[in-house]
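Single-structure report; data block below.
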Amino acid sequence: MAKLIIPNEWWTAPAQSHNNDNTIIVTGRRDMDHIISLGIFNFRIEISWKYSPDEHGMPLLKESQLMEQVTDAILNAFNSDPVAILTGIYTGDGERTLSIYTRSLHIFQRKINDILAPFPTIPISFTAFNDPDWEEYREMRETEIPDE
């Protein structure tokens, strides 16, 4: 089987919280149509990380830096072994959520445990969804601001 090439072009746009007027920063991966058409990444995992926000709903510097380190570790691991693909990052209103599509919940669980092992205990929770049509990804793409 040929090596799976995962696009690595991203966009960022502001959105508004459903709960209040806080800004949510949405970062999404572009050009996933080929990956979606393969029909093998049918499960979506949401990793939610609640934090104590600043007055604008954003994480404080120290926690923000740890969030970036964890996100980079996840990206690096799945870029080298594409059993899952990070497709979206939502940050604001006291929570960061990573949206990840995977082929296998069991393999994802083993892999994410390995990825997170070097880090201190972090306040995250996982939710899994059957999303073979990538509905969440398609909805997220609606927030993208097109390039001029």
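Which residues, taken from the range 11-26, are within 18 Å of the chain's Cα centre (by Cα), surrounded by fewer than 17 Cβ atoms within 10 Å (Cβ to Cβ) and either in contact (Cβ under 8 Å) with a residue 40 or more places away in the chain or farther than 24 Å from Ile145 by Cα (or both)?
Scanning the range 11-26 gives Trp11, Ala13, Ala15, Ser17, Thr23, Ile25.
Among (1) under 18 Å from Pro7 (Cβ atoms); (2) touching a Gly at 6+ places or on another chain (Cβ under 7 Å), where does Thr102 come up short?
The number of the failed condition is (2).
Filter the range 27-46 for residues that are within 12 Å of the chain's Cα centre (by Cα) and of a type in the set (S, T, N, Q) and give the result.
Across the range 27-46, the qualifying residue is only Thr27.
Please indicate, with yes or no, whether at least one residue in the range 13-29 is at pLDDT below 95, part of a loop (DSSP other than H, G, I, E, B) and on the phi > 0 side of the Ramachandran plot.
Looking for residues that are at pLDDT below 95, part of a loop (DSSP other than H, G, I, E, B) and on the phi > 0 side of the Ramachandran plot, one finds none in the range 13-29, hence no.
Give the residues of the range 38-57 that are more than 28 Å from Trp134 (Cβ to Cβ) and either aromatic (Phe, Trp, Tyr) or in contact with a strand residue (DSSP E or B) (Cβ under 9 Å, 6 or more places away or on another chain) (or both), sorted by residue number.
Correct list: Ser52, Pro53, His56.
Restricting the range 47-61 to residues that are assigned to a strand (DSSP E or B), in contact (Cβ under 8 Å) with a residue 60 or more places away in the chain and surrounded by 17 or more Cβ atoms within 10 Å (Cβ to Cβ), which is nearest to the chain's Cα centre (by Cα)?
Filtering first and then ranking leaves Ile47.
Do you know which of the residues in the range 79-116 that are within 18 Å of Leu38 (Cα to Cα) and without any contact (Cβ under 8 Å) to a residue 40 or more places away in the chain is surrounded by the most Cβ atoms within 10 Å (Cβ to Cβ)?
Val83
For the range 54-62, indicate whether the set of residues that are over 20 Å from Ile25 (Cβ atoms) and at pLDDT 95 or above is non-empty.
No, the range 54-62 contains no residue that is over 20 Å from Ile25 (Cβ atoms) and at pLDDT 95 or above.
Quick one: how many residues across the range 69-98 are charged (D, E, K, R), touching a helix residue (DSSP H, G or I) at 6+ places or on another chain (Cβ under 9 Å) and farther than 21 Å from Thr143 by Cα?
Adding up the residues that qualify gives 1.
Which condition number does Glu68 fail, the rest of (1) more than 16 Å from Thr102 (Cα to Cα); (2) in contact (Cβ under 8 Å) with a residue 40 or more places away in the chain being met?
That leaves (2) as the condition not met.
From (1) in contact with a strand residue (DSSP E or B) (Cβ under 8 Å, 6 or more places away or on another chain); (2) modelled with pLDDT of 95 or more; (3) surrounded by 14 or more Cβ atoms within 10 Å (Cβ to Cβ), pick out the condition that doesn't hold for Leu66.
That leaves (1) as the condition not met.
The values are calculated or read from the model by the stated rules, or taken from the named source; none is laboratory data. Every value quoted in this text rests on a predicted model; they were computed, and no experiment measured them. Glycine gets a Cβ as well: all are built from the backbone with ideal geometry, and neighbour counts include every protein chain shown.
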